[in-house]
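Read the structure below first, then the notes.
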Amino acid sequence: MSSMAAMPPAAMKYLLTRPKVAAPLDPNFSPLILAKKNYLKYVAGSPHFVEWVLPRSDGAARYKLPVFAENHEDVDASIYLAGVLIQEMMWQRSASGLLLSGPKKHCDALKAAYSVGGAYEFEVLQMPKVCGTPDKPFTVEIVSADKLPPNRDTPQVCGTVANGCRLAFDLGKSDIKTVAVKDGEVLYSKETEWDVTNPDPDYHYTAIRAALQKAKECLPKVDAVGGSATGTISGKNEATWCDIFPNVPPDVYQAKVVDIFSRLSKELAGDVPLKVINDGEVTALAAFQKIGAGNIMGISMGSSEGGGYANSDGNLLGWINELCYCKLDLNPEAPTDPWTKGHHCGISHMYLGQRGATKLAAKAGVKLPPNYVYPHPDMCTIKHEDHAQCLKLIQKAMADPETEANVTKLYITMGVYLGYALAQYSEFYQIDHVMILGRVSKGKGGDVMLDTAKKVLMEEFPKYAHIQFHTADDHFKAVGQCIAAAALPKVREVMPENVAKYLVCRPKVQAPLDPGFAPVVLGRRKYMEAVKQYPDKLDWSLPRSNGCGRYSLPVFPENHPDVDASIYLAGNIIQEMIWQRSASGLVLAGPTKICEAVKKAYSKGGMYEFETKQMPKVCGTPDRPFLVSIVGSVSELPAGSDQPEVVGKDVRGNRLAFDLGKSDIKTVAIQDGNVLYSKETEWDVTNPDPQYHFDAVLAALKIAKDKLPGGRVDGIGGSATGIISKDNEAVWCDLFPNVPPDVYRQQVLGIFPRIGKALAGDVPLKVINDGEITAVAAAQKIKAGNIFGISLGSSEGGGYANAEGNLMGWCNEMAYIKIDFNPDAVTNPWDGGAHTGCAHMYLGQRAASR
């Protein structure tokens with residue numbers, strides 16, 4: 001077994017720094033975030049770097065640290081800090097191994113540290129379990145920098161609406177919380193105590209099943225099951241590494257615990273959708289729903305620190321967020337913890353949770369039984385009961401005027417911990433909001449702690465002072481997280497029988513391998529025939545910056561038994577028009593019942609929530625919500641209008657052009673219509689660094705530019721997947737899927753004008769959607785208009801050129817349009833399973849592969 005790594009003197013010189021906002025009961029607290037900041041000052045300008053990648057099944061984490069040279073007297077400082085930062089990234093994201101690149105001395109030392117017997121043996125032994133591959137050892141490899149894979153994440157889209165009938169559970173270390181939810185309303189909620197120390201997995205299975213069975217009895221049916229638990233849950237709902245089963249033997253754990261959630265759901269509800277995530281993550285998702293804003297971190301300061309994060313869209317990053325295992329304090333005399341069994345000191349377990357408070361209780365003058373005074377052996381085990389009782393004594397002392405002043409120092413110290421931790425987390429998480437939960441945050445002491453954390457950010461890290469703090473009210477604590485857990489699994493859209501009888505029509509020319517295929521065009525035709533006898537109509541407008549879509553749909557009367565067919569079809573046609581043209585909002589006019597139903601469908605929690613979230617981005621106004629309104633008469637609706645876009649059709653002079661695809665950058669150099677140069681250059685669209693993309697496209701075009709006579713450029717044209725504005729802005733391009741939203745707006749939105757400027761100054765530039773370029777090229781080739789271009793590649797790419805060969809000013813994102821009314825049609829990953837039957841899965845390579 002390895003011993004805890006001692007901090008070398010060279011590391012002490014650079015890494016031991018005192019905070020501006022001191023911790024009164026922990027004067028030697030030495031925040032990692034300040035250590036890193038100080039170190040980077042001294043290595044600024046160094047030509048030497050250690051780079052590493054932490055691969056995992058659904059992504060990879062990459063980092064580059066400037067270091068002292070191998071022969072520098074303080075090289076040990078670089079090696080020590082690199083080890084700490086690798087550990088931090090591991091517990092943020094998980095890792096199946098470690099790839100290192102850099103100076104030999106550094107890499108050899110880090111490889112030894114991350115091997116059995118090394119300083120990070122604990123991580124080496126735990127990561128295979130965390131990754132759900134306990135039989136596959138953690139490996140370390142030293143490679144050249146060009147062999148390091150890029151950073152990659154796979155965000156997880158979770159449901160946010162608890163529609164239908166749902167069961168949910170939250171497994172804690174002391175109880176099982178179960179709820180029954182119907183259309184967002186909690187019908188049943190109960191906490192059932194259990195013994196997590198029991199080594200028998202059948203005991204745990206039976207206990208959870210019994211608790212959920214009681215909840216199920218309150219529902220007429222079960223449409224979905226959602227849940228949360230401490231530890232690491234895989235994307236397949238596997239309990240890969242959960243510390244609520246600490247005494248189950250490893251081989252038994254693999255056989256009977258890993259799939260426990262899937263087996264429970266199957267027995268209770270059959271093959272309904274299931275989604276289980278970490279309890280910290282469900283806190284973040286619940287907070288996102290509560291405050292209506294993303295980039296939010298949820299921190300539960302309970303028996304330990306529980307952490308979770310939801311991005312600007314309210315989705316998870318696909319990280320494990322086991323922040324309680326991250327080092328916060330570099331003080332060499334910082335406390336150890338029972339979770340890592342003495343391998344490390346200064347880990348968050350002992351700072352952001354009740355142990356952070358109880359280790360300070362005696363220093364704060366709280367009267368305690370002798371065995372509650374840290375570091376008494378009773379306070380150094382993994383059991384939580386003594387700490388819970390000690391915390392109650394702390395809170396009691398805080399409420400006593402005679403002891404309040406001294407105990408306030410304890411909460412100030414906790415606030416210092418929290419403030420510097422948030423600054424540390426902010427390097428990797430874009431945090432605009434933080435939701436604080438847990439018993440440590442309760443009462444007057446909790447207020448002192450949060451005020452101190454805010455002070456830390458304002459005085460030491462003003463760039464993070466914008467972070468807004470939120471605390472949970474009683475409703476949130478009681479049912480907010482439960483509703484969020486219940487909403488996790490996405491339930492497929494359901495077509496009622498009185499809708500299907502009109503819209504589900506089989507084609508005369510059948511699809512032999514897809515006998516259920518029910519073309520939308522046939523369903524609409526049958527519906528129109530059935531409704532033609534009725535005078536009622538639903539009218540709508542879809543305004544956008546450069547025009548407005550307008551439609552009038554005959555509908556059944558409000559009291560007709562099949563009015564649902566009109567509501568369903570209206571939603572479908574609106575969706576189609578939205579993806580044809582884009583829309584900043586929806587204006588409805590017609591029968592009240594139908595208008596209200598369609599408005600609900602295009603609101604938060606409705607069937608078309610995906611569209612309402614995406615359209616602001618598609619329109620280039622991500623901060624302006626999609627609005628739905630109902631007006632009194634058709635005359636109040638905005639008129640339909642288009643602004644056709646005239647595009648150049650000659651290639652005189654010296655021109656550059658590019659086409660950005662998901663696998664390569666195609667560049668050409670043209671002189672008076674003659675292609676002088678053409679090349680395809682591979683690139684990695686998953687790279688989250690916008691500078692990488694800028695440099696890659698610019699480099700490819702510079703090579704093409706050199707092929708033009710004199711390097712003169714008269715114009716630049718280009719195409720890319722997604723939505724490109726008239727001003728050549730990349731308003732919504734899936735070529736940059738992993739660039740964070742705020743960074744996208746700052747560095748990707750204007751990427752094409754910046755590239756044009758860097759290449760050729762103020763020459764004319766025009767960039768359009770790749771589907772549109774297909775249509776324009778086709779119009780020029782066949783010398784005719786009214787032409788539709790369809791690219792059957794990784795998905796469907798579509799574009800249209802009118803009679804004059806010009807564009808309509810529409811977005812033409814045809815891949816998102818529904819073309820199959822079969823109720824059992826396939827979902828697709830682009831909209832996170834929100835819809836079935838969309839063209840993504842029919843007109844492209846996925847149609848063939850499925």
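The values are calculated or read from the model by the stated rules, or taken from the named source; none is laboratory data. Worth saying up front: this structure is predicted, and the values here are computed from it rather than measured. We place every Cβ from the backbone using ideal geometry, glycine too, and count neighbours over all the protein chains shown. The accessibility values were calculated without ligands, DNA or RNA, using every heavy atom of the protein model including side chains. Shrake-Rupley method; radii C 1.70, N 1.55, O 1.52, S 1.80 Å.
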Using only Cα positions of the range 113-245, each an equal point scatterer, no hydration layer, compute I(q)/I(0) via Debye at q = 0.19 Å⁻¹ and quote the log10 values to two decimals.
-1.14
Using a simple spin-label model with points 7 Å from Cα along the Cα→Cβ vector, what separation in nm is obtained for Glu191 and Ala44?
5.1
In whole Å, largest first, the alpha carbons of the range 581-736 cover along the principal axes 66, 34, 20
At a Förster radius of 60 Å, what calculated FRET efficiency corresponds to the Cβ-Cβ distance of Tyr534 and Thr139, to the nearest 0.05?
0.30
Based on the mean of other beta carbon atoms within 10 Å per residue, what is the order of 537-543, 695-701, most packed first?
537-543, 695-701
Expressed in whole Å with the largest first, what are the equivalent ellipsoid semi-axes of the range 680-733 derived from the C-alpha gyration tensor as the square root of 5 times each eigenvalue?
22, 16, 9
If Phe49, Phe556 are ordered by their accessible area, calculated over protein heavy atoms with a 1.4 Å probe, which sequence runs from highest to lowest?
Phe49, Phe556
Quick one: order Leu807, Leu99 from most to least accessible surface, probe 1.4 Å.
Leu99, Leu807
Rounded to whole angstrom, the alpha-carbon centroid of the range 782-812 lies from that of the range 266-285 at a distance of 43
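Let me check something: with ligands and nucleic acids excluded, how do Trp91, Trp683 order by accessible area (1.4 Å probe), largest to smallest? Mind dumping the intermediate values first?
Values: Trp91 0, Trp683 20 Å².
Ranked list, largest accessible area first: Trp683, Trp91.
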Pull out the extension gain between Asn786 and Asp650, defined as 0.36 nm times the separation in residues minus the alpha carbon to alpha carbon distance; nm, one decimal.
47.0 nm
Hull volume per residue for the range 684-838, using the convex hull of the C-alpha atoms, in Å³ is 139
Hey, rough spin-label estimate for Tyr205 and Ala22, points 7 angstrom out along Cα→Cβ, what's it come to in nanometres?
5.8
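Quick one: compute the contact order of the range 324-406, relative version, from alpha carbon pairs under 8 angstrom and 6+ residues apart, as a percent. Don't skip to the end; give the middle numbers.
Details: 100 pairs, mean separation 18.5, N = 83.
In percent, rounded to a whole number, it is 22.
For the range 364-470, which trypsin sites (Lys or Arg not before Pro) are in a loop by DSSP, counting at most 12 other Cβ atoms within 10 Å? Working shown, then result.
On the way: sites: Lys367, Lys383, Lys392, Lys396, Lys409, Arg439, Lys442, Lys444, Lys454, Lys455, Lys463; in loops: Lys367, Lys383, Lys442.
Counting only loop positions with at most 12 other Cβ atoms within 10 Å, the trypsin sites (Lys or Arg not before Pro) in the range 364-470 are Lys367.
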Burial-style ranking of 507-513, 8-14, 602-608, average other-beta-carbon count within 10 Å with highest first, yields 602-608, 8-14, 507-513
For Trp732, list long-range residues whose amide hydrogen, built 1.01 Å from N in the peptide plane, is under 5 Å from its own amide hydrogen.
Ile723
Can you work out the PRE-style zone for Asn802? Point 7 Å along Cα to Cβ, and I want the residues of the range 635-659 with backbone N under 15 Å.
640-648
Report ³J(HN,Hα) in whole Hz for each residue of the range 239-244, in order, from the Karplus equation J = 6.51 cos²θ - 1.76 cosθ + 1.60 where θ = phi - 60°; Gly and Pro get x.
7, 5, 7, 10, 8, 8
If each of Lys600 and Lys679 carries a label point 7 Å out from its Cα toward its Cβ, how far apart are those two points in nm?
5.9
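Based only on Cα atoms, what Rg/Rh ratio does the range 446-553 have, Rh being taken as Kirkwood's radius?
Working: Rg = 26.8 Å, Rh = 20.8 Å.
Result for the range 446-553 is an Rg/Rh of 1.29.
Per the helix-only calculation at 222 nm, which mean residue ellipticity applies to the chain, given -39500 (n - 2.57) for every DSSP H run of n ≥ 4 and division by its residues, nearest 500 deg cm²/dmol?
Values: 23 runs with 272 residues, N = 850.
Taking each H run of at least 4 residues, the total per residue is -10000 deg cm²/dmol.
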In degrees, nearest 10, range 0 to 90: what is the angle between the Cα axis of helix 121-130 and the longest Cα principal axis of the chain?
40
Using a Förster radius of 60 Å, what is the FRET efficiency between Asp108 and Ala388 based on their Cβ-Cβ separation? Nearest 0.05, please.
0.85
Full extension from Lys13 to Ala639: what is 0.36 nm times the residue separation minus their Cα-Cα distance, to one decimal in nm?
218.3 nm
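Could you tell me the calculated FRET efficiency between Lys726 and Phe469, based on Cβ-Cβ distance and R0 = 45 angstrom, to the nearest 0.05? Spell out each step's value before the answer.
Working: r = 41 Å, r/R0 = 0.92.
For Lys726 and Phe469, the calculated efficiency is 0.65.
Kirkwood Rh, Cα Rg: Rg to Rh for the chain? Write down the numbers at each step before the final one.
On the way: Rg = 29.7 Å, Rh = 29.8 Å.
Across the chain, the Cα-based Rg/Rh ratio is 1.00.
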Amide H to amide H, which residues 5 or more places from Ala472 or on other chains are under 5 Å from it, using H placed in the peptide plane?
Ile436
Residue-span extension gain [Asp664 to Asp259] - 0.36 nm each, minus C-alpha spacing:
141.8 nm
Taking Cα pairs under 8 Å and at least six residues apart, what relative contact order does the range 145-214 come out at, in percent?
23
Please report the relative contact order for the chain, taking Cα pairs under 8 Å with a sequence separation of at least 6, and give it as a percent rounded to a whole number.
9
Just the Kirkwood number for the range 1-118, please: inverse of mean 1/r across all distinct Cα pairs, in Å, one decimal.
15.2
Whole-Hz ³J(HN,Hα) for each residue in the range 771-782, computed from phi via Karplus 6.51 cos²θ - 1.76 cosθ + 1.60 with θ = phi - 60°, x for glycine and proline: what do you get?
x, 5, 5, 4, 5, 4, 4, 5, 4, 6, 5, 8
For Ile176, other-chain or 5+-apart residues with amide H closer than 5 Å (H placed, Pro excluded) are Thr192, Glu193, Trp194
Surrounding charge for Ala779, neighbours by C-beta under 14 angstrom, Lys/Arg +1, Asp/Glu -1, total -1
Quantify how much of the Cα-Cα distance distribution of the range 729-785 extends past 17 Å, in percent.
54
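Using only the Cα atoms of the range 297-354, construct the convex hull and provide its projected area averaged over every direction, in square nanometres to one decimal.
Working: hull surface 17.6 nm².
The Cα convex hull of the range 297-354, projected and averaged over all directions, gives 4.4 nm².
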Sort out for me the Cα centre separation of the range 823-841 from the range 426-454, rounded to whole Å.
40
Rg/Rh over Cα atoms for the range 58-147, Kirkwood Rh, comes to 0.96
Between the range 105-126 and the range 575-602, how far is it from one alpha carbon centroid to the other, in angstrom?
58
Residue by residue through the range 177-182, which ³J(HN,Hα) values in whole Hz follow from phi under the Karplus form 6.51 cos²θ - 1.76 cosθ + 1.60 (θ = phi - 60°), with glycine and proline marked x?
9, 10, 9, 10, 10, 10
